[in-house]
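See below for the structure under consideration.
The values are calculated or read from the model by the stated rules, or taken from the named source; none is laboratory data. Keep in mind that what you see is a predicted model, and the values were worked out from it rather than measured. Neighbour counts are summed over all protein chains in view; Cβ atoms, including those assigned to glycine, are modelled from backbone coordinates with ideal geometry.
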Amino acid sequence: MSDVLKLAELLFPDVTLLPEDMEKRYPERQLKEGARVTRLAPSPTGFLHFGNLFTGTVAYRTAKVTDGIFFVRVEDTDQKRKVEGAVEVMLGGLEAFGVVADEGVVGEDIEKGDYGPYYQSQRKEIYHVFAKSLVKQDLAYPCFCSAEELDEIRAAQENESVKGYWGEYAKCRKLTLEEIEENLKAGRPWTLRLKSPGDLEKKCFFDDMIKGKIEMPENVQDVVLLKSDGIPTYHFAHAVDDHLMRTTHVVRGDEWISSCPIHLQLFRVLGFKAPKFAHVAPIMKEEDGNKRKLSKRKDPEAAVTYYIEKGYPKESVNEYILTLANSNFEDWRKANPRESQDAFPFNLKKMSISGALFDMVKFNDVSKNVISLMNAKQVYDYTCQWAEQYDKDFYALISRDEEYSVNILNIDRDTPKPRKDIAAFSEIKDYVSYFFDEIYEKNYEMPENITNDMAKEILEAYLKEYNPADDKQQWFDRIKALCEPLGYTPNVKEYKKNPDAFKGHVGDVSTVIRLAVTGRKNTPDLYAIMSLLGEDKIKERLSDAISNM
Ligand code: GLU
């Protein structure tokens, strides 16, 4: 037996399976031509960053537009960072925005699919099969260097342009089988390192789906493949997993670009075809004229839970993600205002190379537009869903009489130009508050040109005239008819021409009525509001205003 075969047995005595066995266990997927297999590979930190949702959506859409597969793999090799319940939290966040895996980890400790286990911590046996195979081919070796020795190497490299465990510095490369045996016998901990076949003079090339052609020096580092506890590093696990899980497109954060020479080399030495890469730039935020990454520490909107708690519908978040992700999405949306997002031909090539900018104002506008296109029942259902969890008192009010609530939400909605004033369901309580005595807040603060006495005079006259049987035209005519006897003009243009001739115009008269009935200067269609409130409530509010002003 050659030395490397002996070494392989020495290091991995229990590993009997071969890479071929793994290839058989995880065969090529039988998918239609062009179908892409993508994945999201979160570390279970328990915090779902908007960037994770963004990258997850990009991966998900990439699979969906090609009738491919999107799966979730949990990268839990760093046991120190493990957080109880974290997977549930992260999957819940993804699912809330429609990023649902076809395969992989679909719940805390629940997996689906033939390419598992999808928790890396349960794949040790698989990694070791490939680790052993690399040792047999003299492409990997054990390293016994202690932390102090590695520090010494680093110190000696101060003037080297390439630092790290490589070339002459990779001293464990040169250990003989006997020396290794001695170390093992002495129980010294070891890591498994790649024997990098890289050449400093050579370049590696790849064509990133987002960033385009990339050229970097080949990897020469003898990177660690297995840590001293036998757990793989990200690099090694990535190559083995994405190969065996038959990922066709690795969509991930662009912080991994610099590691691509390592990854491409690993795919090569392992005899795997490298997947295509799509490196997504981080979401940015503008602050004082400077751009920085959207930050978990500084920006509440960096947490996916923020959108859930505020009651932004998933359609809005998705719409904004698509706006940020694909440069042609907004034009597509203009041409197809009511088309489902799923009909959009999502394309990795339309992603921006540098980080897209998160703009809260824009996001809210997008959301207002999305909600304006929903029907009242949808808005009602969503609002109930949100309120049931986050505002129980309001839930009790809004669900008390569904028909009444739906009618409220339908005001100015079912029209060619619906109002765009609600961005999140948490805003609805305030938006509809004057329809519910329990939360209605009186406000008789009149416009500057109207004194309380003037307002009272208008309201007294109106209360006499008010007729709940009016249709909209009659209702408005009645308000107009009040104007002249009280010294106002029904004609706004006339008022503008000759403001000194009048106390005000019909707009002022309506505002006084609106304030008395709703406590607001601006509302949707006042006629519709008054019809819904009904005769008794209108009379009560008008009288109330008259006596309390
Ligand atoms: N666990 C890695 C991370 O969270 C995944 C990177 C990848 O998608 O390959 O950054």
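Please go through the stretch 182-197 and give me each residue that is part of a helix (DSSP H, G or I) and either free of Cβ contacts under 8 Å to residues at least 40 places away in the same chain or polar (S, T, N, Q) (or both), ordered by number.
Glu182, Asn183, Lys185
Would you mind stating whether Leu200 is of a type outside the set (Asp, Glu), surrounded by fewer than 22 Cβ atoms within 10 Å (Cβ to Cβ) and away from the ligand (no atom under 12 Å from the Cβ)?
yes
Check Phe363, Phe394, Phe435 and return the single one that is farther than 20 Å from Thr518 by Cα and crowded, with 20+ Cβ neighbours inside 10 Å.
Numbers: Phe394 fails: farther than 20 Å from Thr518 by Cα; Phe435 fails: farther than 20 Å from Thr518 by Cα.
So the residue among Phe363, Phe394, Phe435 that is farther than 20 Å from Thr518 by Cα and crowded, with 20+ Cβ neighbours inside 10 Å is Phe363.
Can you pull out the residues in the stretch 257-278 that are within 10 Å of the ligand (Cβ to nearest atom) and surrounded by fewer than 21 Cβ atoms within 10 Å (Cβ to Cβ)?
Correct list: Ser259 only.
So which pairs qualify, if the first residue must be in the stretch 248-274 and on the phi < 0 side of the Ramachandran plot and in contact (Cβ under 8 Å) with a residue 24 or more places away in the chain, the second must be within 11 Å of the ligand (Cβ to nearest atom) and among the polar types (S, T, N, Q), the Cβ gap must be under 6 Å, and the two must be at least 6 apart or on different chains?
So the pair list comes out as His249/Thr38; Val251/Thr38.
Please specify each residue of the stretch 226-256 satisfying the condition of being more than 16 Å from the ligand (Cβ to nearest atom) and either assigned to a strand (DSSP E or B) or crowded, with 19+ Cβ neighbours inside 10 Å (or both).
Listed by number, the list holds a single entry, Leu226.
Glu111 fails exactly one of the following numbered conditions: (1) at pLDDT 95 or above; (2) more than 25 Å from Ala274 (Cα to Cα); (3) charged (D, E, K, R); (4) within 16 Å of the ligand (Cβ to nearest atom). What is the number of that condition?
(4)
Which condition does Met351 not pass, out of (1) within 16 Å of Lys314 (Cβ to Cβ); (2) surrounded by 12 or more Cβ atoms within 10 Å (Cβ to Cβ); (3) in contact with a helix residue (DSSP H, G or I) (Cβ under 8 Å, 6 or more places away or on another chain), if it passes all the others?
(1)
Can you name the residue in the stretch 74-94 that is small (Gly, Ala, Ser) and over 29 Å from Phe344 (Cβ atoms) and is also surrounded by the fewest Cβ atoms within 10 Å (Cβ to Cβ) among such residues?
Here the residue is Gly85.
Checking the structure you have, find out if any residue of the stretch 161-181 is out of contact with any helix residue (DSSP H, G or I) (no Cβ under 6 Å at 6 or more places or on another chain), surrounded by 13 or more Cβ atoms within 10 Å (Cβ to Cβ), among the acidic types (Asp, Glu) and in a helix (DSSP H, G or I).
So far as the stretch 161-181 goes, yes, one or more of its residues are out of contact with any helix residue (DSSP H, G or I) (no Cβ under 6 Å at 6 or more places or on another chain), surrounded by 13 or more Cβ atoms within 10 Å (Cβ to Cβ), among the acidic types (Asp, Glu) and in a helix (DSSP H, G or I).
Here is a list: Phe47, Phe97, Phe71. Which entry is surrounded by fewer than 23 Cβ atoms within 10 Å (Cβ to Cβ) and of a type in the set (Phe, Trp, Tyr)?
On the way: Phe97 fails: surrounded by fewer than 23 Cβ atoms within 10 Å (Cβ to Cβ); Phe71 fails: surrounded by fewer than 23 Cβ atoms within 10 Å (Cβ to Cβ).
Of the residues listed, the single one that is surrounded by fewer than 23 Cβ atoms within 10 Å (Cβ to Cβ) and of a type in the set (Phe, Trp, Tyr) is Phe47.
Per-residue answers, yes or no, for (1) hydrophobic (A, V, I, L, M, F, W, C); (2) in contact with a helix residue (DSSP H, G or I) (Cβ under 8 Å, 6 or more places away or on another chain); (3) part of a helix (DSSP H, G or I); (4) modelled with pLDDT of 95 or more:
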site: Arg29; (1), (2), (3), (4): no, no, no, yes
site: Lys32; (1), (2), (3), (4): no, no, no, yes
site: Thr45; (1), (2), (3), (4): no, yes, no, no
site: Gly56; (1), (2), (3), (4): no, yes, yes, yes
site: Ala59; (1), (2), (3), (4): yes, no, yes, yes
site: Phe70; (1), (2), (3), (4): yes, yes, no, yes
site: Lys80; (1), (2), (3), (4): no, no, yes, no
site: Leu91; (1), (2), (3), (4): yes, no, yes, yes
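Is at least one residue of the stretch 4-14 over 30 Å from Leu184 (Cβ atoms) and either assigned to a helix (DSSP H, G or I) or of a type in the set (D, E, K, R) (or both)?
no
Suppose the filter is of a type outside the set (A, V, I, L, M, F, W, C), modelled with pLDDT of 95 or more and over 18 Å from Leu532 (Cβ atoms); does Glu457 pass it? Lay out the reasoning, then the answer.
On the way: of a type outside the set (A, V, I, L, M, F, W, C): yes; modelled with pLDDT of 95 or more: yes; over 18 Å from Leu532 (Cβ atoms): yes.
The answer is yes for Glu457.
Is it the case that Thr38 is of a type outside the set (Gly, Ala, Ser) and either over 24 Å from Ser340 (Cα atoms) or in a helix (DSSP H, G or I) (or both)? Even if it seems obvious, please write down each step before you answer.
Details: of a type outside the set (Gly, Ala, Ser): yes; either over 24 Å from Ser340 (Cα atoms) or in a helix (DSSP H, G or I) (or both): no.
Spelling it out, it is not the case that Thr38 is of a type outside the set (Gly, Ala, Ser) and either over 24 Å from Ser340 (Cα atoms) or in a helix (DSSP H, G or I) (or both).
Thr66 is checked against (1) of a type in the set (Val, Ile, Thr); (2) part of a helix (DSSP H, G or I); (3) away from the ligand (no atom under 16 Å from the Cβ); (4) farther than 30 Å from Ile180 by Cβ and fails just one. What number does that condition carry?
So Thr66 meets the others, but not (2).
Looking for whichever is surrounded by 14 or more Cβ atoms within 10 Å (Cβ to Cβ), modelled with pLDDT under 95 and aliphatic (A, V, I, L, M) here; the options are Ala424, Ala356, Ala376, Ala387. Which one fits?
From the options Ala424, Ala356, Ala376, Ala387, the qualifying one is Ala356.
Can you tell me which residue in the stretch 320-331 is nearest to Asn375 (Cα to Cα), limited to those that are at pLDDT 95 or above and surrounded by fewer than 16 Cβ atoms within 10 Å (Cβ to Cβ)?
Only one residue tops the list, namely Glu330.
What are the pairs, 6+ residues apart or on separate chains, where a residue within the stretch 19-41 that is within 18 Å of Arg73 (Cα to Cα) and within 16 Å of the ligand (Cβ to nearest atom) has its Cβ under 6 Å from a residue that is outside any loop (DSSP other than H, G, I, E, B) and of a type in the set (S, T, N, Q)?
Within 6 Å, the pairs are Arg36/Thr62; Thr38/Thr62.
Note down all Cβ pairs under 9 Å where the first residue falls in the stretch 279-308 and is surrounded by fewer than 12 Cβ atoms within 10 Å (Cβ to Cβ), the second is in a loop (DSSP other than H, G, I, E, B) and hydrophobic (A, V, I, L, M, F, W, C), and they're at least six residues apart or on different chains.
Glu286/Phe358
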